[in-house]
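Step one of this worksheet: look at the structure below.
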Amino acid sequence: MSAPLCLAINGYGRIGRCIVRALIESRYRETMHIVAINEPADLESMAYLTRFDSTHGVFPGEIQAIESGLRIDGRDIPVFHEREPAAVPWGRLGLDVLLECSGAYATRERLQAFLNAGCPRLLVSNPGRGAADVDCTVVHGVNDACLRADQHIVSAASCTTNAIVPVLDLLDRQLGVRSAFLTTLHSVMNDQPMIDGYHHSDLRRTRSAMQSIVPVTTGLAQGVERLLPQLTGRVQAKAVRVPILNVSAIDLTVNLTQATSVDALNTLFTDAASTCPGLLACTRQPHASIDFNHDPHSAIIDLGQTRVNNGHFANLMVWFDNEWGFANRMLDIASGWSDLFRQIAAPSA
């Protein structure tokens, strides 16, 4: 049995904490270990917010703050409280991959600072400012083949990209996509205030997150085109924030080359879900968004919401837990990447 994959986390916010929880609840529990966390917050707050989570409930393991960091299920994890990558001794921690979950680093110059400080590989929880800022952008289950052992900065894209790209990829391969329009209905995020205040240069984001549906800008169309370049110029997107804590949806309207029907589309996705366990799911139940809280799938197709007009215009509802699904995909990508660089490092027989 090979040694566990050693991961570190930079930024212990919503995604960072979800990754720790997802690791404990997943099949990777024995094959991946967290060896360090860098987070400016104090240890007691970190332990408390890990133990008690308003969205995902009480932590399923043991956790406590200790002098050097956090003790999680009997394993001591050193915690640093640095704001600059160079201040953390990444090269002495024995890590294989650093999961950058702060969202504060999006350009190659900023990301390179982690490598310069001794980090061997970086898996980023945002798309980067542009494609050139990372070596590869991966949506697990769609383009894992772009991963290489010699890459150093890899992006896991975004939660919305992970939800919609598998759907559009399947539609384009099977029926052809002439054009698509995406409307993301996204749960609130921490760049919005609870009450009106001076929180953002986008004036809409100065309004109370829990009292209004708030239109916001989105780079989802560009994210889709990066992963599915054959759809360049054919995808438009907009987004609104809705006053719930978690779980989002994408309302997809697509103009298809080949004619189809509601039954044919639903069969297409049901068959695809059976071959992509853990990534794509389908449901015919009369769900509300809360039912998908803590759901690890990248996307869940609500078959009861499928509509087709004149054979070529289709409308789909795609649900996803924007925290939990994405955290699980980060672990999947780290695992797939490690399979490659460990093969290179392994001594020949």
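The values are calculated or read from the model by the stated rules, or taken from the named source; none is laboratory data. The structure presented is a predicted model; accordingly, all values stated were derived computationally and were not measured. We place every Cβ from the backbone using ideal geometry, glycine too, and count neighbours over all the protein chains shown.
To keep it simple, each residue is scored yes or no on (1) farther than 26 Å from Trp324 by Cβ; (2) in contact with a His (Cβ under 7 Å, 6 or more places away or on another chain); (3) not assigned by TED's automatic domain parsing to the domain that holds Ser289.
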| site | (1), (2), (3) |
| --- | --- |
| Asp196 | yes, no, no |
| Arg205 | no, yes, no |
| Ala221 | no, no, no |
| Glu225 | yes, no, no |
| Gln236 | yes, no, no |
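Among the residues of the range 67-83, how many are in contact (Cβ under 8 Å) with a residue 12 or more places away in the chain and in a strand (DSSP E or B)?
Of all residues in the range 67-83, those in contact (Cβ under 8 Å) with a residue 12 or more places away in the chain come to 69-70, 72-75, 77-83.
With in a strand (DSSP E or B) added as a condition, the list becomes 69-70, 72, 75, 77-80.
Selection size over the range 67-83: 8.
Among residues belonging to the range 47-64 that are more than 19 Å from Glu323 (Cα to Cα) and in contact with a Lys or Arg (Cβ under 7 Å, 6 or more places away or on another chain), point out the one that is surrounded by the fewest Cβ atoms within 10 Å (Cβ to Cβ).
Gln64
If I filter the range 115-131 for residues that are over 26 Å from Arg342 (Cβ atoms), in contact (Cβ under 8 Å) with a residue 12 or more places away in the chain, of a type in the set (A, V, I, L, M, F, W, C) and not in a loop (DSSP other than H, G, I, E, B), do I get at least one hit?
Yes, the conditions are met somewhere in the range 115-131.
Any idea which of (1) small (Gly, Ala, Ser); (2) modelled with pLDDT of 95 or more; (3) touching a helix residue (DSSP H, G or I) at 6+ places or on another chain (Cβ under 7 Å) is the one Ala131 doesn't satisfy?
(2)
Under 30 Å from Asp271 (Cβ atoms) and not aliphatic (A, V, I, L, M): is that true of Asp169 in this structure? Outline the logic, then answer.
Details: under 30 Å from Asp271 (Cβ atoms): yes; not aliphatic (A, V, I, L, M): yes.
Here the answer is yes, as Asp169 does meet what is asked.
I'm trying to understand the selection: among the residues of the range 161-195, which are surrounded by fewer than 16 Cβ atoms within 10 Å (Cβ to Cβ), of a type outside the set (Val, Ile, Thr) and part of a loop (DSSP other than H, G, I, E, B)?
Answer for the range 161-195, where residues must be surrounded by fewer than 16 Cβ atoms within 10 Å (Cβ to Cβ), of a type outside the set (Val, Ile, Thr) and part of a loop (DSSP other than H, G, I, E, B): Gly176, Met189, Asn190, Asp191, Met194.
Filter the range 1-25 for residues that are in a loop (DSSP other than H, G, I, E, B) and surrounded by fewer than 18 Cβ atoms within 10 Å (Cβ to Cβ); which is farthest from the chain's Cα centre (by Cα)? Quick ask: steps written out before the conclusion?
Looking only at the range 1-25, we keep the residues that are in a loop (DSSP other than H, G, I, E, B), and these are 1-4, 11-13.
Restricting the remaining residues to those that are surrounded by fewer than 18 Cβ atoms within 10 Å (Cβ to Cβ) gives 1-4, 13.
Working: Met1: 29, Ser2: 27, Ala3: 26, Pro4: 22, Gly13: 13 Å.
In this case the residue turns out to be Met1.
Just one of the numbered conditions (1) of a type in the set (S, T, N, Q); (2) surrounded by fewer than 20 Cβ atoms within 10 Å (Cβ to Cβ); (3) modelled with pLDDT of 95 or more; (4) closer than 30 Å to Ala86 by Cα is not true of Ser158; which one?
(2) is the only condition that Ser158 fails.
Looking at the structure I just gave you, is Ala41 out of contact with any His (no Cβ under 7 Å at 6 or more places or on another chain), outside any loop (DSSP other than H, G, I, E, B) and touching a residue at least 40 places away in the same chain (Cβ under 8 Å)?
no
One residue is enough: does the range 29-36 have a residue meeting the conditions part of a loop (DSSP other than H, G, I, E, B), among the acidic types (Asp, Glu) and surrounded by 20 or more Cβ atoms within 10 Å (Cβ to Cβ)? So that I can check it myself, show each step before the final result.
Going through the range 29-36, the residues part of a loop (DSSP other than H, G, I, E, B) turn out to be 29-31.
This time we only want the ones that are among the acidic types (Asp, Glu), so: 30.
Restricting the remaining residues to those that are surrounded by 20 or more Cβ atoms within 10 Å (Cβ to Cβ) gives none.
No: the range 29-36 contains no residue that is part of a loop (DSSP other than H, G, I, E, B), among the acidic types (Asp, Glu) and surrounded by 20 or more Cβ atoms within 10 Å (Cβ to Cβ).
I want to confirm something. Restricting to the range 78-101 and keeping residues that are in contact with a Leu (Cβ under 8 Å, 6 or more places away or on another chain) and under 24 Å from Gly325 (Cβ atoms), which single residue is surrounded by the fewest Cβ atoms within 10 Å (Cβ to Cβ)?
Only one residue tops the list, namely Asp96.
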